[in-house]
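Below is one structure; the comments refer to it alone.
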Amino acid sequence: MSSVLRSAVTGVGGYLPADIVTNDELSKVVDTNDAWIVERTGIHARHRAAPDEAASDLAVAAARKALAAAGRTPAEIDLIIVATTTPDLTFPATAAIVQRKLGAPIGIAFDVQAVCSGFVYALSVADGFVARGMSRCALVIGAETMTRLMDWTDRGTCVLFGDGAGAVVLEPVEGKGDATDRGLLGFALRCDGTKQDLLYVDGGPSTTGTVGHLRMHGREVFRHAVVNISEAVRAAAIDAGVELSAIDWFIPHQANQRILAGVAHRLGIEHERVISTVANHANTSAASIPLAWAQAIDDGRIKPGQLLLVEAMGGGLTWGACVIRF
Ligand code: UT7
């Protein structure tokens with residue numbers, strides 16, 4: 001059988017800023033309460049970056065852990081892709097800042113903007129380099145300071161988000177071209193730009209000249225999430241040539257415990273196979289999947305060789321899924 005090149009995930013790392021904000025603390029800022037937030041979202045707390053901590057700082061901390069897990073050093077990195085909606089600056093790309101802060105050599109570095117789906121999109125972009133032999137050691141990072149985009153008078157959004165970063169190292173490995181291979185096995189990516197008004201930020205460099213605040217029609221986004229994610233998950237499984245029953249761990253984007261449960265139920269995935277960190281991380285946008293992945297490696301649940309399915313949905317609307325043999 002002819003061999004193919006696959007992008008294998010050789011290290012995963014996560015970083016959460018030290019400051020933890022509880023629901024009770026938020027109830028002093030807006031008209032909300034712990035009982036509502038827990039019942040409607042499953043969120044108990046979220047982390048918040050320090051005033052002098054930028055998205056690139058969170059990214060670098062997560063990247064160092066992923067590199068250590070992979071047994072690699074910054075000197076070996078030839079590609080950095082950062083998925084972020086909250087870049088340090090309008091330009092340069094946060095990936096360029098991460099390259100400098102890590103001390104990585106001249107290589108390829110750029111950002112991907114697909115909001116909460118950014119990490120899944122960035123994985124697929126990185127696969128295009130690694131599985132073509134154009135990168136020997138790639139960093140894919142989701143890094144967000146979502147608390148900086150909040151309107152702290154809007155209780156419908158400000159309680160939902162948190163800050164953090166997660167990173168993976170990708171390296172090329174030889175495979176047989178079937179679902180027993182290690183690495184990224186299948187993708188489904190989607191965007192429906194007609195749904196922009198359901199979830200967006202009301203500012204930007206070429207319109208208002210400001211950063212803006214996050215706006216969301218939560219109920220509509222919720223409905224789209226459950227329906228659309230399920231379709232993309234099935235499509236990614238078909239692309240990978242695997243049955244959903246073969247998936248060891250389902251790692252969803254962490255927006256709302258009720259969305260996680262709704263998607264899993266629709267797909268017939270038991271909750272024992274779902275990694276959930278939303279209770280303590282809240283929605284960290286592009287960072288949520290690699291953060292949850294890192295946590296489930298640290299606590300011994302996710303092990304090398306297992307079949308993983310990651311999925312996300314966010315502003316755009318964008319959504320997507322990826323099947324990975326770890
Ligand atoms: O990352 C991807 C993007 N984001 C998502 O996936 C989020 C998707 N949406 C959701 O998770 C949910 O729709 C929310 C958590 C945002 C809202 O939950 P819901 O069950 O859809 O509530 P709702 O928006 O229909 O609001 C129900 C009530 C309203 O009061 P009235 O009009 O019924 O009197 C809201 O004003 O809950 C009220 N409410 C709150 N009450 C206390 C909304 N936010 C809060 C709050 N505290 N923080």
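Which ones in segment 6-26 are surrounded by fewer than 17 Cβ atoms within 10 Å (Cβ to Cβ) and either in the same structural domain as Phe187 (by TED's automatic domain parsing) or among the hydroxyl-bearing types (Ser, Thr, Tyr) (or both)?
Thr22
If I ask for residues that are among the small types (Gly, Ala, Ser), surrounded by fewer than 22 Cβ atoms within 10 Å (Cβ to Cβ) and under 18 Å from the mean Cα position of the chain (by Cα), which ones from segment 94-131 would you list?
Selection gives Ser124 alone.
So if I check each of Asp197, Asp151, which one is within 15 Å of the ligand (Cβ to nearest atom), among the acidic types (Asp, Glu), more than 22 Å from Ala292 (Cα to Cα) and part of a helix (DSSP H, G or I)?
Just a single option satisfies the conditions, and that option is Asp197.
In this structure, is Ala179 of a type in the set (A, V, I, L, M), more than 20 Å from the chain's Cα centre (by Cα) and not in a helix (DSSP H, G or I)?
Here the answer is yes, as Ala179 does meet what is asked.
Which of the residues that make up segment 295-321 are over 30 Å from Leu214 (Cα atoms) and in a loop (DSSP other than H, G, I, E, B)?
The answer is Asp299, Gly300, Arg301, Ile302, Lys303, Pro304, Gly305, Gln306.
Can you find, within segment 263-278, the residue that is farthest from the ligand (Cβ to nearest atom) among those that are in contact with a Ser or Thr (Cβ under 9 Å, 6 or more places away or on another chain) and touching a residue at least 40 places away in the same chain (Cβ under 8 Å)?
The extreme case among them is Arg266.
Report, ordered by the first and then the second residue, all pairs with beta carbons closer than 7 Å, sequence separation of six or more or different chains, a first member in segment 223-248 that is over 15 Å from Leu260 (Cα atoms), and a second member that is within 16 Å of the ligand (Cβ to nearest atom).
Cβ pairs passing all conditions: Ala236/Ala321.
Pairs only if they're at least six apart or on different chains, beta carbon under 7 angstrom, first in segment 148-167 and assigned by TED's automatic domain parsing to the domain that holds Val21, second small (Gly, Ala, Ser) and surrounded by fewer than 24 Cβ atoms within 10 Å (Cβ to Cβ); list them, first residue then second.
As it stands, the answer is Gly156/Gly218; Ala165/Ala61, since those pairs meet every condition given.
Does segment 134-146 contain any residue that is assigned to a helix (DSSP H, G or I), within 18 Å of Gly164 (Cβ to Cβ) and either outside the structural domain of Gly14 (by TED's automatic domain parsing) or of a type outside the set (Gly, Ala, Ser) (or both)?
Looking for residues that are assigned to a helix (DSSP H, G or I), within 18 Å of Gly164 (Cβ to Cβ) and either outside the structural domain of Gly14 (by TED's automatic domain parsing) or of a type outside the set (Gly, Ala, Ser) (or both), one finds at least one in segment 134-146, hence yes.
The values are calculated or read from the model by the stated rules, or taken from the named source; none is laboratory data. All of these numbers come straight from a predicted model, not from anything done at the bench. No Cβ is skipped: glycine too gets one built from the backbone with ideal geometry, and neighbour counts run over all protein chains shown.
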